[in-house]
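> Have a look at this one before I ask anything.
Nothing in this text is a laboratory measurement; each read-out follows from the coordinates by a stated rule. Worth saying up front: this structure is predicted, and the values here are computed from it rather than measured. Because the Cβ atoms are built from the backbone with ideal geometry, glycine has one as well, and the counts that use them run over all protein chains shown.
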């Protein structure tokens, strides 16, 4: 198994890591309702109180952090791990939030798209044009669950568009290095989908429910997919729940490797460092942010500091 250095522990279901130029890492703590920061020496501080369930996070062109807030979960301790459950009684909806890192101020940008409420926004990625793609995983209830979707929005709050619907448990999202392909992971079925980007904020969705054209990769056995990052060579690195690791998938749909972490609730990965070969991974079941030397450099995101 790969060696991992624990940067921070005692975290309340960390997700959405963002590697900063000063060596610190921003991340959300979903169960705590915060955007937090870990310094290189492992000190953790709260940057902002978002409430609800902050999930994916990304730096925008204005230097602010954009957060997918899923609205919160019921939480359960299972074999010593804090794990999310159904929709809580105090749930009021999902949203996209913007956080000012200098002040900690939190704004709500979007709660609806064309009159339809956002249910459980999950992961986010900016394109080079300054707009962002995000997934909506939906919410689960005792006897039903929402149908998910993939959206595109502008960071000034002026425009939001539903681009892929329906989706089942849409979770991780990423762009190819050339910006021409949008990747989306599907949690419960363990699949990664790819869509051709035909214009800023627009993707081509193959017609027909039984059309496999958009499928990049389907997991072997019981492997569930969470958030993702992309390598500089175009490989997709998707956090693998249950298996406990990061599955690396080539742009032509082949499994390159599985980097095991030992935590079945491994949820996300981000790249940084001078050569982009340091990977920061959220081990959410263990409540840890860890890092390791990665075999290949990651792709530098559009607006990361």
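> Say we join alpha carbon atoms closer than 10 Å with springs in a Gaussian network model of the chain; which of 89, 277, 97 then has the biggest fluctuation?
89
> Most mobile of 31, 153, 21 per a Gaussian network model of the chain (Cα springs, under 10 Å)?
Between 31, 153, 21, it is 21 that shows the largest mean-square fluctuation.
> A follow-up question, please. Show me the three semi-axes of the equivalent ellipsoid for the stretch 166-305, from the C-alpha gyration tensor (sqrt of 5 times each eigenvalue), largest first, rounded to whole Å.
The three semi-axes for the stretch 166-305 are 23, 19, 12 Å.
> Let me ask something additional. Which whole-number value in Å³ per residue fits the convex hull of the alpha carbons of the chain?
Enclosed volume per residue, from the Cα hull, is 127 Å³.
> Follow-up. With no solvent and one point per C-alpha, what does the Debye sum give as log10 I(q)/I(0) for the stretch 1-108 at q = 0.12, 0.23, 0.24 Å⁻¹?
Here log10 of I(q) over I(0) equals -0.41, -1.27, -1.34.
> Relative contact order, percent, of the chain when contacts are C-alpha pairs under 8 Å separated by at least 6 residues?
Dividing the mean separation by the residue count of the chain yields 16 percent.
> In addition: Would you list 28, 236 from fewest to most Cβ contacts within 10 Å?
By the 10 Å Cβ count, ascending, the order reads 236, 28.
> Most mobile of 152, 91, 225 per a Gaussian network model of the chain (Cα springs, under 10 Å)?
Looking only at 152, 91, 225, the largest GNM fluctuation is found for 91.
> Take 168, 36 and order them by how many other Cβ atoms sit within 10 Å, fewest up front.
168, 36
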